[in-house]
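Trainee: Can you keep this structure in mind? I'll have questions shortly.
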Amino acid sequence: MRPVEPQDAARLLVVHGDGRLDDAQVRDLPKFLNKGDVLVFNDTRVIPAALKGMRPARDESGNDVPVDINLVERRSAYQWRALGRPGKRLKPGDQIDFSDDFNAVIAEKHQDGELLLDFSVSGAALDQAIERHGAMPLPPYIARRRAADGSDRATYQTSFASDDAQSVAAPTAGLHFTPRLLSEIDAAGLRREQVRLHVGLGTFAPLKKEQIESGTLHEEWRQVTPSVADALNQARGSGQRCVAVGTTALRTLESSANPNGAIEAVSGPTDIFIQPGYVFRATDALITNFHLPKSSLFMLVCALMGTQIMQAAYAHAIAERYRFYSYGDACLLLP
């Protein structure tokens with residue numbers, strides 16, 4: 001599965017609060033928004049977090065084992081949380097070689113299979129080694145069909161990504177926004193602001209019972225600067241809409257809003273879990289891709305639009321052969 005070319009040629013399903021549906025293209029987006037509305041983008045950068053290595057044989061009678069590593073979260077200058085396959089062939093103390101001069105030792109292995117890796121280099125040298133040896137961390141439903149390649153370095157990264165590379169998955173709604181579309185958005189009198197949330201693998205993972213019961217998700221680091229908070233509050237105070245580009249931008253906005261709906265400057269983790277019944281404070285519309293039906297992301301869009309409306313919208317999208325998931329089409333939700 002690959003994105004359409006150019007990426008702003010993807011289809012766009014516009015879902016209105018009264019249930020009306022419009023079939024369009026992403027490049028038509030300015031037609032459905034009002035002059036002065038503010039699009040809020042997540043400008044995080046994805047690192048090439050998928051590494052292939054070799055676990056050397058533990059003794060003369062054993063065999064070397066090819067290993068796939070997916071980095072999850074940086075813990076220190078030389079440590080990362082990670083997922084590894086084949087999990088049953090990995091244990092604490094094992095070394096994984098990625099090249100002659102780049103390796104990691106498994107410091108810990110947890111019951112859920114998650115690993116803590118101590119790398120042989122640290123800081124900027126580790127960042128450079130990951131950049132050199134890693135591949136883009138495509139979602140499993142794509143990675144099972146094909147390996148990431150050089151083209152994914154461009155297509156699985158937003159055109160406006162900052163230099164702060166901390167995400168291990170892309171804010172996929174932003175992938176549709178080519179420089180051409182951004183210019184057309186500016187020409188239409190729409191405004192743009194950027195927040196930052198470092199996307200973790202948990203964003204796309206199936207929901208666990210304990211998450212639903214506790215009302216919290218995995219933690220992800222996010223930031224809203226004072227200038228962005230002021231700009232968004234002034235826009236909404238003047239009657240303009242705050243349009244989140246992607247669920248990560250929306251979670252950033254909602255987790256930074258106080259009970260009165262004012263967006264505050266923040267920097268730190270959030271575990272906000274948005275599900276039906278949630279009262280939105282800072283978001284007036286959302287641009288997002290199509291999500292797995294049992295995911296926290298589908299619960300989020302149902303919270304914004306209503307479950308019946310979203311189920312009908314997804315049924316229409318399936319019937320009309322919209323492309324789902326990370327390299328798929330998009331929808332514009334207008335409550």
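The values are calculated or read from the model by the stated rules, or taken from the named source; none is laboratory data. It should be emphasised that the depicted structure is a prediction, and the values quoted were computed from it without experimental measurement. Counting neighbours? That spans all protein chains shown, and the Cβs are built from the backbone with ideal geometry, glycine included.
Trainee: Do we have D94 as touching a residue at least 24 places away in the same chain (Cβ under 8 Å) and farther than 20 Å from P48 by Cβ here?
Mentor: On the way: touching a residue at least 24 places away in the same chain (Cβ under 8 Å): yes; farther than 20 Å from P48 by Cβ: yes.
For D94, the condition - touching a residue at least 24 places away in the same chain (Cβ under 8 Å) and farther than 20 Å from P48 by Cβ - is met.
Trainee: OK, next. If you check Q194 against the conditions, is it outside any helix (DSSP H, G or I), within 30 Å of L332 (Cα to Cα) and touching an Asp or Glu at 6+ places or on another chain (Cβ under 9 Å)? Full working, then the answer.
Mentor: Numbers: outside any helix (DSSP H, G or I): yes; within 30 Å of L332 (Cα to Cα): yes; touching an Asp or Glu at 6+ places or on another chain (Cβ under 9 Å): yes.
Judged against the criteria, Q194 is a match.
Trainee: Tally time: how many residues in the range 100-115 are among the charged types (D, E, K, R) and in contact (Cβ under 8 Å) with a residue 12 or more places away in the chain? Reasoning before the result, please.
Mentor: Going through the range 100-115, the residues among the charged types (D, E, K, R) turn out to be 100-101, 108-109, 112, 114.
Keeping just the survivors that are in contact (Cβ under 8 Å) with a residue 12 or more places away in the chain gives 101, 108-109, 114.
Summing the residues that are among the charged types (D, E, K, R) and in contact (Cβ under 8 Å) with a residue 12 or more places away in the chain in the range 100-115 gives 4.
Trainee: Same structure, new question: Looking only at the range 218-266, which residues are within 23 Å of T288 (Cβ to Cβ), in contact with a helix residue (DSSP H, G or I) (Cβ under 6 Å, 6 or more places away or on another chain) and among the hydrophobic types (A, V, I, L, M, F, W, C)?
Mentor: V224, C242, A244, V245, I263, V266
Trainee: If you check N233 against the conditions, is it more than 22 Å from G200 (Cα to Cα), modelled with pLDDT under 95 and among the polar types (S, T, N, Q)?
Mentor: Details: more than 22 Å from G200 (Cα to Cα): yes; modelled with pLDDT under 95: no; among the polar types (S, T, N, Q): yes.
So N233 does not fit the description; no.
Trainee: Oh, and also: Can you name every one of the helices (runs of 4 or more DSSP H) wholly within the range 139-187 that holds 1 or more residues which are at pLDDT below 90 and not β-branched (V, I, T)?
Mentor: Numbers: elements: 140-143, 152-155, 179-187.
The qualifying helices (runs of 4 or more DSSP H) are 140-143.
Trainee: Which ranges mark the strands (runs of 3 or more DSSP E) fully within the range 228-335 that have 1 or more residues being assigned by TED's automatic domain parsing to the domain that holds N42 and over 28 Å from G189 (Cα atoms)?
Mentor: Details: elements: 242-245, 266-272, 285-289, 330-334.
Output list reads 266-272.
Trainee: Another question, if that's okay. Hey, could you check the range 57-112 for residues that are of a type in the set (S, T, N, Q) and at pLDDT below 95 and say which is surrounded by the most Cβ atoms within 10 Å (Cβ to Cβ)? Talk me through it step by step, then tell me what you get.
Mentor: Going through the range 57-112, the residues of a type in the set (S, T, N, Q) turn out to be 61, 63, 70, 76, 79, 95, 99, 103, 111.
Those left that are additionally at pLDDT below 95: 61, 63, 70, 111.
Numbers: S61: 6, N63: 10, N70: 21, Q111: 5.
Here the answer is N70.
Conditions (1) in contact (Cβ under 8 Å) with a residue 60 or more places away in the chain; (2) within 29 Å of I263 (Cα to Cα), marked per residue:
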residue: R2; (1), (2): yes, no
residue: G17; (1), (2): yes, yes
residue: Q25; (1), (2): no, no
residue: F41; (1), (2): yes, yes
residue: A57; (1), (2): no, no
residue: N70; (1), (2): yes, no
residue: Q79; (1), (2): no, no
residue: L83; (1), (2): yes, no
residue: F98; (1), (2): no, no
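Trainee: Can you tell me how many residues within the range 166-191 are surrounded by fewer than 24 Cβ atoms within 10 Å (Cβ to Cβ) and under 19 Å from V266 (Cα atoms)?
Mentor: So the count comes out to 1.
Trainee: Can you confirm whether the range 35-45 contains a residue that is of a type outside the set (G, A, S), touching a Pro at 6+ places or on another chain (Cβ under 7 Å) and surrounded by 16 or more Cβ atoms within 10 Å (Cβ to Cβ)?
Mentor: yes
Trainee: Which of the residues that make up the range 280-323 are within 17 Å of F177 (Cα to Cα) and of a type in the set (A, V, I, L, M, F, W, C)?
Mentor: Within the range 280-323, A285, L286, I287, F290 qualify.
Trainee: When residues of the range 10-31 are filtered for being part of a strand (DSSP E or B) and either among the β-branched types (V, I, T) or surrounded by 15 or more Cβ atoms within 10 Å (Cβ to Cβ) (or both), how many remain? Step through it out loud before you land on a result.
Mentor: Pass one, the range 10-31, residues part of a strand (DSSP E or B): 11-16, 21-25.
Then drop every residue that is not either among the β-branched types (V, I, T) or surrounded by 15 or more Cβ atoms within 10 Å (Cβ to Cβ) (or both), which leaves 11-16, 21, 24-25.
Of the residues in that region, 9 qualify.
Trainee: Looking at the range 263-284, is at least one residue closer than 27 Å to Q7 by Cα, among the basic types (K, R) and surrounded by fewer than 23 Cβ atoms within 10 Å (Cβ to Cβ)? Steps first, please.
Mentor: Of the residues in the range 263-284, the ones closer than 27 Å to Q7 by Cα are 283-284.
In the following step, the residues that additionally are among the basic types (K, R) were identified as none.
Within the range 263-284 (the criterion being closer than 27 Å to Q7 by Cα, among the basic types (K, R) and surrounded by fewer than 23 Cβ atoms within 10 Å (Cβ to Cβ)), the answer is no, since none of the residues qualifies.
Trainee: Follow-up question, since we're still on this one. Just to verify a result, which residue in the range 309-335, among those that are free of Cβ contacts under 8 Å to residues at least 12 places away in the same chain and at negative phi, is surrounded by the fewest Cβ atoms within 10 Å (Cβ to Cβ)?
Mentor: Step one: filter the range 309-335 for residues free of Cβ contacts under 8 Å to residues at least 12 places away in the same chain, giving 311, 315, 318-319, 321.
Filter once more, so that each one left must be at negative phi: 311, 315, 318-319.
On the way: Q311: 13, A315: 10, I318: 11, A319: 8.
The selected residue is A319.
Trainee: May I ask you to verify whether V245 is within 17 Å of V199 (Cβ to Cβ) and hydrophobic (A, V, I, L, M, F, W, C)? Reasoning before the result, please.
Mentor: Numbers: within 17 Å of V199 (Cβ to Cβ): yes; hydrophobic (A, V, I, L, M, F, W, C): yes.
So V245 fits the description; yes.
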